[in-house]
1. Filter the stretch 81-92 down to residues that are surrounded by fewer than 21 Cβ atoms within 10 Å (Cβ to Cβ) and either of a type outside the set (S, T, Y) or modelled with pLDDT under 95 (or both), then give me how many there are.
2. Return the pair list, or none, for Cβ contacts closer than 6 Å from residues in the stretch 32-55 that are under 13 Å from F6 (Cβ atoms) and in a strand (DSSP E or B) to residues that are open to solvent by 70 Å² or more (accessible area, probe 1.4 Å) and of a type outside the set (A, V, I, L, M, F, W, C), at least 6 apart or on different chains.
3. If you go through the stretch 106-142, how many residues are among the charged types (D, E, K, R) and more than 22 Å from F190 (Cβ to Cβ)?
4. W150 fails exactly one of the following numbered conditions: (1) buried (at least 21 other Cβ atoms within 10 Å of the Cβ); (2) in contact with a Phe, Trp or Tyr (Cβ under 9 Å, 6 or more places away or on another chain); (3) over 20 Å from E210 (Cα atoms). What is the number of that condition?
5. Restricting the stretch 1-12 to residues that are over 12 Å from V64 (Cα atoms) and not basic (K, R), which is least open to solvent (accessible area, probe 1.4 Å)?
6. Conditions: (1) modelled with pLDDT under 95; (2) of a type outside the set (V, I, T); (3) farther than 27 Å from D177 by Cβ; (4) open to solvent by 40 Å² or more (accessible area, probe 1.4 Å). A55 meets all but one. Number of the miss?
7. Which one of P163, P167 is open to solvent by 10 Å² or more (accessible area, probe 1.4 Å), of a type outside the set (A, V, I, L, M, F, W, C) and closer than 22 Å to V64 by Cα?
8. Please work out which one of (1) hydrophobic (A, V, I, L, M, F, W, C); (2) touching a helix residue (DSSP H, G or I) at 6+ places or on another chain (Cβ under 8 Å); (3) free of Cβ contacts under 8 Å to residues at least 40 places away in the same chain is the condition A104 fails and give its number.
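The values are calculated or read from the model by the stated rules, or taken from the named source; none is laboratory data. Owing to the predicted nature of the structure, the values given are computational and were not obtained by experimental measurement. Quick reminder, even Gly has a Cβ in these numbers, built from the backbone with ideal geometry, and neighbours come from all protein chains shown. To get the accessible areas, we keep the full protein, side chains included, count just its heavy atoms, and leave off ligands, DNA and RNA. Shrake-Rupley method; radii C 1.70, N 1.55, O 1.52, S 1.80 Å.
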Amino acid sequence: MQITVFGATGRVGSRVVEQAVARGMSVKAASHDETSTSNDKVTYFKTDVLNDDLADALEGSDAVLSCLGVGNDPATLLDPPPLYTDGTLNIAYAMKQTGIDRLAVISASFVETFERGPLHFRATLPALSRVFKQMERMEAHLADQETLRWTAVRPGWIMDAPPSEHPIVTENTIREDLVRSRTGDIANVFLDAVQHDKWVHAKPAVASEEPDEDTSIEAVAEEII
């Protein structure tokens, strides 16, 4: 199986690429900033999803995975670039042009509700509200695409870590007492969706139980500074 991954050098995207190769897939890895060296399983290339013709990036692939993300600096959060809306629509258009109908995108459990995890995590979520609103519009755009077989993966607060022993995957929102989602678990949900044709027209939410040090006030402060 060959897949195209957008946002391939980010926290989630790099895990997707790594785990896809471990599953025996070939990967066309697209990123706004090309920083990696291609090999026999992964071809890296630089692509701007807002402005470039994306057809070449998709040619020959069986499915497309969008792991696009924005920075968490205040200026970006106040006015996030339209990666999830315009970028995803551009990807969907290129998919139609190249005859690919399987798409998985990253969204967030917090599109549905902020009422998840410890209070100190919930208190920081309004700062990300413009990003979540954009994700919400992205999901609505996907639902309007009649021929697109989409999946919107909905993690909680992302932490860069390998897959957990017991990831918890639920419909639409992560379990109420949880907040953290490992990049390794998110990558597995992405890859299971396209490799085994799971969660078509669905929004699987993934999270895991984590130790106190990863859900503490200090952990929040460290990740937002």
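1. Start the filter on the stretch 81-92 by keeping residues that are surrounded by fewer than 21 Cβ atoms within 10 Å (Cβ to Cβ), which leaves 81-82, 85-86, 89-90.
Subsequent filtering for residues that are either of a type outside the set (S, T, Y) or modelled with pLDDT under 95 (or both) retains 81-82, 86, 89-90.
Residues that pass the stated criteria total 5.
2. What qualifies is Y44/E34; K46/E34.
3. Filtering the stretch 106-142 for residues among the charged types (D, E, K, R) gives 112, 115-116, 122, 130, 133, 136-137, 139.
From what's left, more than 22 Å from F190 (Cβ to Cβ): 115, 122, 130, 133.
The number of residues fulfilling the criteria is 4.
4. (2)
5. First, pick out the residues of the stretch 1-12 that are over 12 Å from V64 (Cα atoms): 9-12.
The next check asks that each one be not basic (K, R); those that pass are 9-10, 12.
Details: T9: 53, G10: 32, V12: 11 Å².
Across the stretch 1-12, the extreme among qualifying residues is V12.
6. (4)
7. One residue alone meets the criteria, P163.
8. (3)
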